Structure formats: structure tokens, C-alpha cells
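Presented below is the structure to which this report refers.
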Amino acid sequence: MNLSNLYYMNEAIVLAHECLNDQLRSPFGCIIVHKNKIVGIGKESVKIKNDPTAHAEIEAIRNASKNLNKTNLSDCILFTSSEPCSMCLSAIHWSKIKKVYYSCSRKDVFSFGLPDSFELVEKRKHLKEFEMIQIKDDKAIRIFKEWRLKKSKNILASA
């Protein structure tokens, strides 16, 4: 495994961890790398922006596109704390990113109560429009466990 890939994955996981301190966020983080430099960052911001499309991957794509002043990100690599949902996979396709690294699988995320219709994910994975590679990291799973525990406590506290 490439050490720089591990570094960038860790950076995406750090962003996800930062979301734990914000009750309005779910723990998802994403970065986009261009020529060995982070050019896009994204944290899940759906409730903060009242925007159902403000997932970490889409926020990172928006940030990278703005910073690079272009929409074709085919020369970039995306690193995300969790396997992208069907909406984010479509955004990755439209931005022309060719390589995606993720840590938690969609099944891991589903087990923490964050469902997605996986039909589109499965269809897109077989089209080979871009390469998806898992870099499993226990820190990413621990973030979801901690988030789930906090979420349960917040639900009890507000009852």
C-alpha cells in the first residue's frame, strides 16, 4: 500500500472525526488530491446547509472544482471515510474522477443506521467508469460507533 494513500485516507477520517463534535453532522469526511496536494475538502453538511446533496464527497468536489477552477477532475483522486452513496457516485462520475479510495464499506455504514438504496451503487460499480479501492481503517469504524452512541444519548436527553 502506498504510504501517501494511507496519509490521505487518514486525513479524510480526521474530517469525519471532527464531525462528531457537531450535533448537526453525520461522521463523513472526504478530500480530493491533485498532484499530491489536497485541493478539496468536505464534511457532511446536510442539516447545516439544509441541502440534501451536501454529502462530504459532493462538498469536496465543489471545493476542488472551485479551487482548481474547473469541473473536470479526471486528474484528481478522491479519498473518503466511507464508501460513497449512489448520489455521490453520480457526482464522482460527472466530475470525471477516475480513482476513489474509501474506508468503511456501505454495509458498515448501514449497520449504524445510515441506509442507502444500494441498487444504484452496485450498477455503477460494474460500469468501470472509475476505480474504487477500499482502505479499511478501524478508526473510521470507531467514529461511527462513537457517533451512534452520542446519537442515542442525544435522543434520550431530548425526550
Of K49/K150; K35/K150; K70/K107; K66/K150; K99/K150; K70/K139, those spanning more than 29 Å from alpha-carbon to alpha-carbon | K35/K150; K70/K107; K66/K150; K99/K150; K70/K139
Percent carbon-and-sulfur accessible area, segment 1-47, ignoring ligands, DNA and RNA, probe 1.4 Å | 53 percent
Segment 1-104, accessible area per residue, ligands and nucleic acids excluded (1.4 Å, Å²) = 46 Å²
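The values are calculated or read from the model by the stated rules, or taken from the named source; none is laboratory data. Worth saying up front: this structure is predicted, and the values here are computed from it rather than measured. When the accessible area is computed, the model is the full protein with side chains, heavy atoms only, and any ligands, DNA or RNA have been set aside. Shrake-Rupley method; radii C 1.70, N 1.55, O 1.52, S 1.80 Å.
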